[in-house]
Protein chains: 2
Amino acid sequence: MGPDPLDLEAFRRNAYALVDWIVDYLGGLASRPVCEPVRPGDVRAKLPDRAPEEPEGFDAVLADLDRVVVPGLTHWQHPGWFAYFPAQSSPPAILGELAQAGLGVQGMLWSTSPAATEVESHVLDWLVDLLGVPQQWKTTASGGGVLQSGASQSTHTALVVAREQCLLRTGAGPKDMVAYASSQAHSSIEKGARMAGFGHIRLLETDHEFAARPEALAAAVAEDRRDGLAPAFVCSAVGTTGTTGVDPVRRFGEIARVEQMWHHVDAAYAGSAMICEEFRRHQDGLELVDSYTFNPHKWLATNLDCSVMWVADRRPLIESLSVLPPYLRNEASESGQVIDYRDWHGPLGRPFRALKLWFVLRCYGAAGLRSMIRTHVAWARKLVERIDAHSRLATIAPTPFALVSFAHVDGDEATDELVAGINGDGRFHITGSEVDGKRYARISVGSTWTTEADVDALWNLIDATA
Amino acid sequence: MGPDPLDLEAFRRNAYALVDWIVDYLGGLASRPVCEPVRPGDVRAKLPDRAPEEPEGFDAVLADLDRVVVPGLTHWQHPGWFAYFPAQSSPPAILGELAQAGLGVQGMLWSTSPAATEVESHVLDWLVDLLGVPQQWKTTASGGGVLQSGASQSTHTALVVAREQCLLRTGAGPKDMVAYASSQAHSSIEKGARMAGFGHIRLLETDHEFAARPEALAAAVAEDRRDGLAPAFVCSAVGTTGTTGVDPVRRFGEIARVEQMWHHVDAAYAGSAMICEEFRRHQDGLELVDSYTFNPHKWLATNLDCSVMWVADRRPLIESLSVLPPYLRNEASESGQVIDYRDWHGPLGRPFRALKLWFVLRCYGAAGLRSMIRTHVAWARKLVERIDAHSRLATIAPTPFALVSFAHVDGDEATDELVAGINGDGRFHITGSEVDGKRYARISVGSTWTTEADVDALWNLIDATA
């Protein structure tokens, strides 16, 4: 007989030990390389071919976090993390995840854990006020918010609803439907459209600041109509992944209204910044939006996975996604007084994800989150100033938020060498990418544990390498 | 200035306190009603209208778990939980979730945290051996496993791949495609088919044991072909949600091969039982299956969300779902030597979900999990014997696993009263449902914390109420 996995006193001791381990991990990250040196198969080579037949003690498992896991990680919580977008975590969010795991409830219906639904609705209504988006998006009005696993899921859901709305209105089949987005839009738009069965996706030309041009949208829609196709969905990106380009939400919304298309905003990264009033001008026109998504798991201190999706009107969403078998029937649902979140997305079962967002909003306070966002943006702007003042470097796109996009003046090869040099140092991780055929470096400022000293050290390395 | 949310020593103290709270919560559940008495709006009424401006201490948050959350829960981890299917949790899985939250890595690509991908592939290969499914399903062979958020997502993904395969082969549009499943199949098949844009879904007639009839499948396919439609997808349910009916996997697979349809198995609940050899006869014919899903978060001691999806051949899956933008290009992916799980499902970002499954397999050991499954099945069979020996009760379906389906001999009203009486007591929660127009009671044995004494007490209450 090995240890009993259900022994709660053993759980208490093991959990304390794991908490200590996490404190050491997070506190010690700065002394590790951001990307551990690891080749394909290295991690698996350390694991036995078969699962153990008898129970192992938790000590052995904990030891394998050090032996097997950590040496095989790319440390997203490293203070030197400047790659992709951040995947923020924070102590309050970790506690929220632990509470969720400990409660182990499943909130598919209001009745299967009313608090899971109501805390979620309430916190997302709080965010309507905090981010200054339309009051209509509150669950207490005609719209409402729901937590999805990611912006990909939110966008895919919006595409499905758009398709169903277009079908109801025009009778067109998915193969004849068209989705529109910036050529700089996130790959999830194309993937979501493909998964939803759209026959066509048009990636629109952008201007010199990488914002999609409304004239390009209008022209594409007109051409598709001439060809007998059915324009059904348009996405405005507020902060594209490549360069945080900002599409003209109001102009896209006006075209969407005239053309009866579903208008979705993908603000996966930049949405969190809207907690500060000064960034909201980048999304003027939200009253012309049908759905909106942003990820607190990127830049609002809340662990993966936690993506907000709002709709201005919840009816088409629910009509598209509700399937009611007998074993889920219940009095509360039939009363019409409650939200059953299973009808707001693809999945049925759902953990109590709102806990961690609730914990974060309370332990940071709105002021604390605003301060974090503004600090990251200020550090990014300081980098921009230094780059623009540097003889061998030049920014290639504006920095409306905290992403800095720049290149070496000697061209693609020099830029790639610069990125390789910075990443080769080990203390930092940035992304090399390409836009309009040109290589560039992306520095995304916003890891939870990054300090001004880290940003300065990164700059010194850039300067020395360039 | 309030408390600093990034203070790691405060985090340590707060996490210890939360661990203590969870131990008390789990240890004290038996003294609470399974379903807290709560009306719509009760939970929200306890929350302030606005998010706090300044940071709150974690003490206040922890206190609100008692004040706001717990009185609004339906306690899925209660020892008296016999409703729906279980949503198992366990101390090792809670520790796995905590480790995942603490690491905060994002494994969309192999390169963005190699260990996240490799542990997942490895543990799912372990499960191939543990569950005795085809060796071809291993990532080291032509197939492979991936963790999805739930069976709904796995099934939806399979439907999308089926649609793309059918399109490539026949040129048919989604509106002309047909998906087939038992009339007893889970609602996620219908929902997934709708989300994937299938024009038609046929719910097949079942036999007296609630297994779909292969003759019904063959006849429906023939009729649809006559009507010019394109049969594309068939689901075999191994353990339907209503009564754990078992479709004839081999016969469905033979028809699917002849008709060139994608064959998916939904074993969301019953799949976990396959860790014991004696249940595998219920899924004979797996070599004729294209994809398979089961949820360790139901009956394998692993917290939500954790759903396994296996494919026999990973190529059509990846071809259907891969979209590669420049900012995700990397050497490892281009080498073809690694798995990038973002191409195996809809979402892009993904937490390190495999940790909790790895922790569970190690802390229970295969023997411990087999013993748990066999114990639950034995308790369910004991209930079946008692029901069949009772003058006023009768089972209405077989019990191949640990779900007991029965009714009062006096008819629907008496059955509904029986269910209401049992649930009204507060110590237990069971589900009332309907099949073929007949009301029945569902008792699903399998909550992590249920003991034989709980099952006996439930029986005494049933006996007294009937």
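Observations
- A:E164, sole failed condition from (1) under 21 Å from the mean Cα position of the chain (by Cα); (2) part of a helix (DSSP H, G or I): (1)
- Taken together, A:V146, A:V69 contain a single residue that is more than 7 Å from every other protein chain (Cβ to nearest Cβ) and not charged (D, E, K, R), which is A:V146.
- If you go through the range A:439-460 and pick out every residue that is surrounded by fewer than 17 Cβ atoms within 10 Å (Cβ to Cβ) and not in a loop (DSSP other than H, G, I, E, B), you end up with 5.
- Residue list for the range B:321-374, filter: of a type in the set (S, T, N, Q) and within 20 Å of A:T431 (Cβ to Cβ): B:S322, B:N330, B:S333, B:S335
- Applying the criterion of being in a loop (DSSP other than H, G, I, E, B) and among the aliphatic types (A, V, I, L, M) to the residues of the range A:58-96, the residue that is nearest to A:L300 (Cα to Cα) is A:A87.
- Residue in the range A:125-142 that is within 21 Å of A:G271 (Cβ to Cβ), touching a Lys or Arg at 6+ places or on another chain (Cβ under 7 Å), part of a helix (DSSP H, G or I) and not charged (D, E, K, R) present: yes
- Where B:A87 falls short, out of the listed (1) surrounded by fewer than 20 Cβ atoms within 10 Å (Cβ to Cβ); (2) farther than 30 Å from A:S371 by Cβ: (1)
- Scanning the range B:298-326 for residues that are without any contact (Cβ under 8 Å) to a residue 60 or more places away in the chain and β-branched (V, I, T), we see that the one that is nearest to B:L361 (Cα to Cα) is B:I318.
- Test result for A:D207, farther than 28 Å from A:Y84 by Cα and of a type outside the set (A, V, I, L, M, F, W, C): no
- Residues in the range A:6-25 that are within 22 Å of B:L361 (Cβ to Cβ) and more than 7 Å from chain B (Cβ to nearest Cβ): A:D7, A:A10, A:R13, A:A17, A:W21.
- Restricting the range B:1-51 to residues that are surrounded by fewer than 21 Cβ atoms within 10 Å (Cβ to Cβ), aliphatic (A, V, I, L, M) and in a loop (DSSP other than H, G, I, E, B) leaves a set whose member that is nearest to the chain's Cα centre (by Cα) is B:V38.
- Scanning the range B:109-124 for residues that are outside any helix (DSSP H, G or I) and at the interface with another protein chain (Cβ under 7 Å from one of its Cβ atoms) gives a single hit, B:S113.
- Where a residue in the range A:58-85 is at positive phi and its partner, wherever it lies, is β-branched (V, I, T), with Cβ under 6 Å and at least six apart: A:Y84/A:T431
- Taking the criterion of being hydrophobic (A, V, I, L, M, F, W, C) and crowded, with 24+ Cβ neighbours inside 10 Å, the residues of the range A:287-317 that qualify are A:V289, A:F294, A:W299, A:L300, A:A301, A:L304, A:C306, A:V308, A:M309, A:W310, A:V311, A:L317.
- B:A172 fulfils the conditions (1) of a type in the set (A, V, I, L, M); (2) closer than 30 Å to A:A172 by Cα; (3) not in a loop (DSSP other than H, G, I, E, B) except for a single criterion, (3).
- Only one of the listed residues (A:H376, A:H345) is crowded, with 20+ Cβ neighbours inside 10 Å, in contact (Cβ under 8 Å) with a residue 24 or more places away in the chain and within 13 Å of chain B (Cβ to nearest Cβ). That residue is A:H345.
Read-outs throughout are calculated quantities, based only on the coordinates presented, and are distinct from any laboratory measurement. Computed from a predicted model, the values in this text were never measured in an experiment. Backbone-built Cβ (ideal geometry, glycine too); neighbour counts: all protein chains shown.
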